[in-house]
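Participant: Below is one structure. I have some questions about it.
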Amino acid sequence: MFRWGVLSTAKIGREHLLPAMVEAENGVLAAIASRDLSKAKALAERFGARHAFGSYEDLLASNEVDGVYIPLPTSQHVEWTAKAIQAGKHVLVEKPLALDAKDIAPLIKLRDARKVLVCEAFMVIYHPQWIKVRDLIASGAIGRLRHVQGAFSYYNVDPNNMRNQLDLGGGALPDIGVYPTVSTRFSTGKEPLRVQATIERDKKFGTDIYSSIRADFGDFELSFYLSTQMAARQVMVFHGEKGFIEVFSPFNAGLYDHHRVELHNQNHTEAQVFRFPGTQQYRLEVETFARAAQGGKERVFTLEESVLNQKVIDAIFRAGGKDGSWETV
């Protein structure tokens, strides 16, 4: 059994990853660390972890942990990923891993030197609905892909939430802009060449709260908008010459809508519906990671892929200050 340690008692861990680790068939939640030992002990008791630590360093030094999950604030991801690698631990780190693509290169060198697995936690690539989208496109089900359209939004104006704190790496693009980009790249196997963007920032928080983006992939375009101050919505549509594919709850399947993908024909007279009830994408993520860490030939989200995805986000930020002109990725 792969022995997991978790750095912090963050909400995403409590609600999604810790339950997934407990339910996983090939892993066990071994330890939780918090700078407040009482919080670590309480969460460890709740989820049945044997060990609780009052510092992240103590957990990384433990021989009872094979790998760690890091859901710390975004601005701390690179720092603690590096420390975990140096401690010889496998690392699953929340997205976004970095706030600049160039910060990932040192982690690749460390990973190779210590011979551990390090992955950014894009749970969507393990969900069978996205594997189905990829396979449908590859099989020619919609013919030539011409346009991908997406949206991701929610409403959050809490000043104490890290997503609204610039110094912690808050903002819409780091938090949710990564999803339309990564899902399009995963589904098509293509990389964008250039981007255009309009970005609006909150006058109080300083974080980006709305973006409208256009990305040129050469063979097709991706357009999407995202916001942290709009009514909650998620959708992704892949539109080809012979039909289109619609993903109704693309990133938080089961929350925004059912696990559902629809394939429509050219005349919009027929549709095939693919459903994936009961799928737990976070459990699939931790189980796949554990198998790969233990030597399995699993498809995981590599640091090299993290570099490519972060380059897109970096380019979008640059494009946002250019009055609509194209920015090379």
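Participant: Just subtract the alpha-carbon distance of residue 26 and residue 102 from 0.36 nm times their residue separation and send over the number in nm, one decimal.
Facilitator: Value of the extension gain: 24.0 nm.
Participant: Name the residues whose placed amide hydrogens come within less than 5 Å of the amide hydrogen of residue 53, ignoring near sequence neighbours (fewer than 5 apart) on the same chain.
Facilitator: 32, 33, 34
Participant: Let me ask another. Between the stretch 134-163 and the stretch 170-192, what is the C-alpha centre distance in whole Å?
Facilitator: Taking the Cα centre of the stretch 170-192 as reference, the centre of the stretch 134-163 is 7 Å away.
Participant: Quick check on the stretch 181-329: of the DSSP beta bridges with both residues there, what percent are antiparallel, nearest 5%? Numbers along the way, then the final one.
Facilitator: Details: 31 of 31 bridges.
Antiparallel bridges: around 100 percent, rounded to the nearest 5.
Participant: Where does the chain land at 222 nm, in deg cm²/dmol rounded to the nearest 500, when only DSSP H runs of n ≥ 4 count, each adding -39500 (n - 2.57), divided by all residues?
Facilitator: Details: 9 runs with 94 residues, N = 329.
It lands at -8500 deg cm²/dmol.
Participant: How far apart, in nm, are the 7 Å Cα→Cβ label points at residue 273 and residue 328?
Facilitator: Modelled inter-label distance: 4.8 nm.
Participant: Rounded to the nearest 5, what % of DSSP beta bridges with both residues in the chain are antiparallel? Working shown, then result.
Facilitator: On the way: 40 of 66 bridges.
About 60 percent, rounded to the nearest 5.
Participant: Go ahead and collect, in residue order, the members of the stretch 142-181 whose backbone nitrogen is under 18 Å from a label point 7 Å along the Cα-Cβ direction of residue 203.
Facilitator: Zone members listed by number: 157-159.
Participant: Using a 10 Å cut-off on Cβ atoms, rank the peptides 301-311, 39-49 from the highest mean neighbour count down. Numbers along the way, then the final one.
Facilitator: On the way: 301-311: 19.7, 39-49: 17.5.
Listed from highest to lowest mean packing, they are 301-311, 39-49.
Participant: Give the long-range amide H neighbours of residue 169: residues separated by 5 or more places, or on another chain, with amide H under 5 Å away, using H modelled in the peptide plane at 1.01 Å from N.
Facilitator: Amide H neighbours of residue 169: 75.
Participant: Determine Rg/Rh for the stretch 69-209; Rg is computed over alpha-carbon atoms and Rh is the Kirkwood hydrodynamic estimate from the same atoms.
Facilitator: Details: Rg = 17.2 Å, Rh = 17.1 Å.
We get a ratio of 1.01 for the stretch 69-209.
Participant: For the chain, count the residues as N, evaluate 2.2 N^0.38 Å, and divide the Cα radius of gyration by that value, please.
Facilitator: On the way: Rg = 19.8 Å, N = 329, 2.2 N^0.38 = 19.9 Å.
Compactness ratio reported: 1.00.
Every number in this text was worked out from the coordinates using simple rules, so none of it is lab data. In this text, all values refer to a predicted model and were calculated from it rather than measured experimentally. Note that we place each Cβ from the backbone using ideal geometry, even for glycine, and neighbour counts take in every protein chain shown.
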